[in-house]
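Remarks on the structure that follows.
The values are calculated or read from the model by the stated rules, or taken from the named source; none is laboratory data. All of these numbers come straight from a predicted model, not from anything done at the bench. Cβ placement follows ideal geometry from the backbone for every residue including glycine, while neighbour counts extend to all protein chains displayed. Surface accessibility is based on the protein's heavy atoms, side chains included, excluding ligands, DNA and RNA. Shrake-Rupley method; radii C 1.70, N 1.55, O 1.52, S 1.80 Å.
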Amino acid sequence: MRTVSRTAARIVAFLVVLATFALGGALPASAVQAAATSSASIAPSDGKTWFGPDIDWGDDAPAGYAGRLGATPSMYGVEIRYPLDRSARKEFLRATRAAATQGAVLVVSLEPDQSLRSLTAADARAANALLEEVHRQYDTQVLVRFAPQMNGTWVRWGQQPTQFVTAFRTLATAVHGGSSDALMVWSPSYGAGYPFGESAGRLQDLSATDVSKLDTNGDGQLTAADDPYEPYWPGDASVDWVGLSMLYFGKGKATEAAGRDVPLTRNDVPEAGEVSARFDETWGYEQRQQGSFYERFAVADDRPMLLDTGALYDHSLRGADELPVKQGWWRQVIAAVQDRPLIRGVTFLETNRREPEAGNRVADWRDTAVPGIAGSFRTDLERAGDFVFGPVTDEVTPRDGAAATDQQYDTGGDQMAWIVWCAVGLAVVFLLSGLFGRLLPSWRYPDDGKPGRDLRLDLFRGFIILAVVITHIEIGGPYSYITLHAVGAITGAEMFVFLSGMVLGMTYPFAIKKFGEWAAAIGAWKRARKQYLVTLGVILVVFALSFVPFLNTDAITTFTDRGTGTGGVGAEGRVYDLYPNAMQLLAYPPPWYAIRQFLLLEMGPWPFNIMGLFVVLSLFIPAFMWVIRRGFWWALLIVSWALYVYQALNPDFRPLNSQFEAVFPLLTWQVVFTHGLVLGYYRRQIIGALTGRLGKVLVGVGIGGYALFLVYVWAGDHFGFTPVPFPASMYDQLYNTAYQRVDLQWGRLVDIAFFAIVSYAILTVFWKPIAKAIGWLWIPIGQASLYVFVWQVFFALAIASIPGVDWGNGWIGFATHTLLILLAWYMVRKRFLFSVIPR
């Protein structure tokens, strides 16, 4: 009979333990949701003009340009190959996300990399689908310049009017029939010098239709007497904006300025009135034109106009200084814009590139490379009063992206009710543990009171880190249900930070005793350095893996909003780039803003963002422990709480701009770590106090009282009475006012203590059956929790890169999670890369 009773007791105990950990599973909470609305296509207000650079996206980025200019422009230009292959699609998305960080309009020049004749309606539909995608995600206004400068000979699609018009109309039909609100821009090059030398006699190579179109004066030849624009006009229905490329190449005579045969020998200041004369279509032509481009194509049909411009400077040549040359040009452009209200956008070429007009030497088109020139450019734009600075659309910043990773999952019911009944269940289990402790004293943890590792904490850390890993590997299955859907008293993140502090508080004194206080401090800082270097290494490795075609690194380098984060339901489907300006790290030399973002951990995979918090907190361990060892723990906690309160009162304050700060604010989350250090250092004393007669009573009252409080306010809401002395609306407001994870509101802090005490008590009473059942797995993983946390980034990447698998299938999810957990355990047992990765 005694054997049966013991067997039954073991079974009950094991089920209680499983229920406890199931009840303890949790997930990230989110702030109050806010609805967002989508808008139709936008335009600058009357009398105003958007402006911005057409940058070299390989060596530059919006962050760099805005930093050099000292202001935020309202538009950016980017060149994308068309049709859109995988590489072009990624480049387009990168540019869109970068422009969205500043709320800027994006001018996308789609440049055909195959014959115009081969472009299809399917290519146009694919481009429109991408435009619709980015519009849904960012509400960004896009201007589509298809095959710009099509009247020139220097582009492969040049001077093919029939095929150009057909391709333009095909794309315009797809875009106008879609929901992207993108606008089609028809943008030839300024016509002086047409047909640009090499075109002479080209009529013999053209079709009869093209001959008829290009020979506008009917003399059988393609000459300067022919219209440089009209043959390429796609028709009113296809064009939303007109555009014109008008560049200053710095050559002498007006009639020679557009040609390549005349060498560039010196840097000259633009002639007075040159830009105005170009707009009047009188500058650079051998024969009088029938009318100006602006009057014929903008004014005639009241169409907005986009000007693409810039002034070339060759640093290898003598002549005028750079500022007079470039300022002489942009001031004329500004004056021309003020006189022509239909010019609603201006892009300034901002790049270094080889130019045939400069003898194939590198020419500098940049207006912001030199601080003094950039300052003059900004001043002139501001003084003009006609140019709109950004943002002009919704800003979607890297901080928004980091904050979005804290999403609230749909649990299928009242989220606060999960917390209520988890607390009740845990309180019941806690009270039962006292009874079982008396019935089965042989099951207790063999705590001999000697210093050393506490395996209960190691096992508990093992559970917590596995919960984190399972949460980040977003596939279905029973494990995911426990860690994502059974929303309980605490999340893995809080407990991970708290237990890390507690273990360090327990083990750091041994380092001091063995090596001395200074040597222990040096050791702690070396550990922090190792954590930091490993963090940088993971960021770089993931970035390098993004160039491997079959790896879906977007799964961890971007984050897709589920509509349950701080952006509200209106942000659902929005994709955030978590590696802002990472491509600029490949530039030579890499710009400082990209290096800074990398070194300050402002980029990185989203499952890894909390690592930055550990790096920063680790730097303070020696100082914190110095204070604690001298008995001033109370002063440390006072300062810790003061910082917590300050952050609560100033929620937008961030001492760092690191990625983790948006989800794990340093001044907020340090309070959990600091308390863990103090509790770990005084663990014996605290346990002795809590297990004494008075301590047991107080703990029992606290655990039971908290559970009863939650049941009381829940009952008031569900049974229609006011839970005096609390307001009737308290339950409805409780989750958003007490249990938000990012801000670690009071409910979350109470839950940390609640869950830690209950779990520690259960592990103490039921230690032997628990250790026998799962200790072999959870204890070693818990002892190497940081190591496992590093590897889970690559586990998540590997799973996301396997195509064609139904990851929502519960059985597949169960098998996959099981294999990954066993893999992590095996790697720990084999100490794989232990010398490199911190544990």
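Every residue in the stretch 661-679 that is farther than 15 Å from Pro622 by Cα and either of a type in the set (A, V, I, L, M, F, W, C) or in contact with a Lys or Arg (Cβ under 9 Å, 6 or more places away or on another chain) (or both), please.
Hits for the stretch 661-679 are Glu661, Ala662, Val663, Phe664, Pro665, Leu666, Leu667, Trp669, Val671, Val672, Leu679.
Among Ala773, Ala761, which is the only one that is surrounded by fewer than 17 Cβ atoms within 10 Å (Cβ to Cβ), in contact (Cβ under 8 Å) with a residue 40 or more places away in the chain, touching a Phe, Trp or Tyr at 6+ places or on another chain (Cβ under 7 Å) and part of a helix (DSSP H, G or I)?
None of the other options fit; the residue is Ala773.
From the set of residues in the stretch 385-414 that are in contact with a helix residue (DSSP H, G or I) (Cβ under 6 Å, 6 or more places away or on another chain) and either open to solvent by 40 Å² or more (accessible area, probe 1.4 Å) or not acidic (Asp, Glu) (or both), which is modelled with the highest pLDDT?
Here the answer is Phe387.
Take Arg344 and decide whether it is closer than 30 Å to Val392 by Cα, among the basic types (Lys, Arg) and not in a helix (DSSP H, G or I).
In short, yes.
Mind listing just one residue for me: the one in the stretch 280-299 that is in a helix (DSSP H, G or I) and touching a residue at least 40 places away in the same chain (Cβ under 8 Å) and, of those, farthest from Pro228 (Cα to Cα)?
Val299
Name the one entry in Phe834, Phe795 that is in a loop (DSSP other than H, G, I, E, B), open to solvent by less than 30 Å² (accessible area, probe 1.4 Å) and out of contact with any Cys (no Cβ under 9 Å at 6 or more places or on another chain).
Residue meeting the stated conditions: Phe834.
Can you go through Ala715, Ala784 and tell me which one is among the aliphatic types (A, V, I, L, M) and buried (at least 21 other Cβ atoms within 10 Å of the Cβ)?
Ala784
Please go through the stretch 807-831 and give me each residue that is open to solvent by 100 Å² or more (accessible area, probe 1.4 Å) and among the aromatic types (Phe, Trp, Tyr), ordered by number.
Answer for the stretch 807-831, where residues must be open to solvent by 100 Å² or more (accessible area, probe 1.4 Å) and among the aromatic types (Phe, Trp, Tyr): Trp811, Tyr826.
Go through the stretch 280-293 and count every residue that is more than 12 Å from Gly191 (Cβ to Cβ) and either modelled with pLDDT of 90 or more or open to solvent by less than 30 Å² (accessible area, probe 1.4 Å) (or both).
Total meeting the criteria: 1.
Quick check on the stretch 525-558: of everything there that is in a loop (DSSP other than H, G, I, E, B) and of a type outside the set (Gly, Ala, Ser), which residue is surrounded by the most Cβ atoms within 10 Å (Cβ to Cβ)?
Thr553
Output the qualifying pairs, or none if there are none: Cβ atoms under 6 angstrom, residues six or more apart or on different chains, first residue in the stretch 572-583 and at negative phi and acidic (Asp, Glu), second residue surrounded by fewer than 24 Cβ atoms within 10 Å (Cβ to Cβ) and in a loop (DSSP other than H, G, I, E, B).
Glu572/Gly563
Return the pair list, or none, for Cβ contacts closer than 8 Å from residues in the stretch 166-182 that are at positive phi to residues that are open to solvent by less than 50 Å² (accessible area, probe 1.4 Å) and in a helix (DSSP H, G or I), at least 6 apart or on different chains.
Asp181/His135
Taking only pairs six or more apart or across chains, which ones have beta-carbon atoms under 9 Å, a first residue in the stretch 456-480 that is of a type in the set (Asp, Glu), and a second residue that is assigned to a loop (DSSP other than H, G, I, E, B) and open to solvent by 20 Å² or more (accessible area, probe 1.4 Å)?
These pairs meet every condition: Glu474/Trp807.
List pairs: first in the stretch 398-415 and closer than 14 Å to Thr557 by Cα and in a loop (DSSP other than H, G, I, E, B), second modelled with pLDDT of 70 or more and open to solvent by 10 Å² or more (accessible area, probe 1.4 Å), Cβ under 7 Å, 6+ apart or cross-chain?
Between residues of the stretch 398-415 that are closer than 14 Å to Thr557 by Cα and in a loop (DSSP other than H, G, I, E, B) and residues that are modelled with pLDDT of 70 or more and open to solvent by 10 Å² or more (accessible area, probe 1.4 Å), the close pairs are Thr405/Trp606; Thr405/Asn609.
Could you list all residues from the stretch 330-360 that are over 21 Å from Leu143 (Cβ atoms) and open to solvent by 20 Å² or more (accessible area, probe 1.4 Å)?
Arg331, Gln332, Ala335, Gln338, Asp339, Asn352, Arg353, Arg354, Pro356, Gly359, Asn360 - these are the residues of the stretch 330-360 that are over 21 Å from Leu143 (Cβ atoms) and open to solvent by 20 Å² or more (accessible area, probe 1.4 Å).
Could you tell me which of the residues Ala648, Ala635 is of a type in the set (Gly, Ala, Ser) and without any contact (Cβ under 8 Å) to a residue 24 or more places away in the chain?
Ala635
Taking the condition part of a helix (DSSP H, G or I), without any contact (Cβ under 8 Å) to a residue 40 or more places away in the chain and in contact with a helix residue (DSSP H, G or I) (Cβ under 9 Å, 6 or more places away or on another chain), does Leu786 pass?
No: the conditions fail for Leu786.
Sort out which residues of the stretch 77-130 are crowded, with 18+ Cβ neighbours inside 10 Å, assigned to a helix (DSSP H, G or I) and of a type in the set (A, V, I, L, M, F, W, C), and write them in order of number.
Ala88, Phe92, Leu93, Ala95, Ala98, Ala99, Ala100, Leu116, Ala124, Ala127, Leu130
What pairs come out if I take residues in the stretch 547-570 that are more than 21 Å from Ile799 (Cβ to Cβ) and pair them with residues that are in a helix (DSSP H, G or I) and modelled with pLDDT under 85 whose C-beta lies under 6 Å away, six or more apart or interchain?
Gly563/Val569; Gly565/Ala404; Thr566/Ala403
Within the stretch 728-746, does at least one residue satisfy the condition of being open to solvent by 40 Å² or more (accessible area, probe 1.4 Å), in contact (Cβ under 8 Å) with a residue 60 or more places away in the chain and assigned to a helix (DSSP H, G or I)?
Scanning the stretch 728-746, I find at least one residue that is open to solvent by 40 Å² or more (accessible area, probe 1.4 Å), in contact (Cβ under 8 Å) with a residue 60 or more places away in the chain and assigned to a helix (DSSP H, G or I), so the answer is yes.
If the Cβ limit is 7 Å and pairs must be 6+ apart or interchain, which residue in the stretch 228-248 that is among the polar types (S, T, N, Q) pairs with which residue that is assigned to a helix (DSSP H, G or I) and open to solvent by 10 Å² or more (accessible area, probe 1.4 Å)?
Ser238/Arg169
Considering every residue within the stretch 229-238, establish whether at least one is within 19 Å of Ala336 (Cβ to Cβ), part of a loop (DSSP other than H, G, I, E, B) and either open to solvent by less than 10 Å² (accessible area, probe 1.4 Å) or modelled with pLDDT of 90 or more (or both).
yes
How about the stretch 165-188: which of its residues are open to solvent by 10 Å² or more (accessible area, probe 1.4 Å), in a loop (DSSP other than H, G, I, E, B) and more than 20 Å from Thr96 (Cα to Cα)?
Within the stretch 165-188, Gly177 is the sole residue that qualifies.
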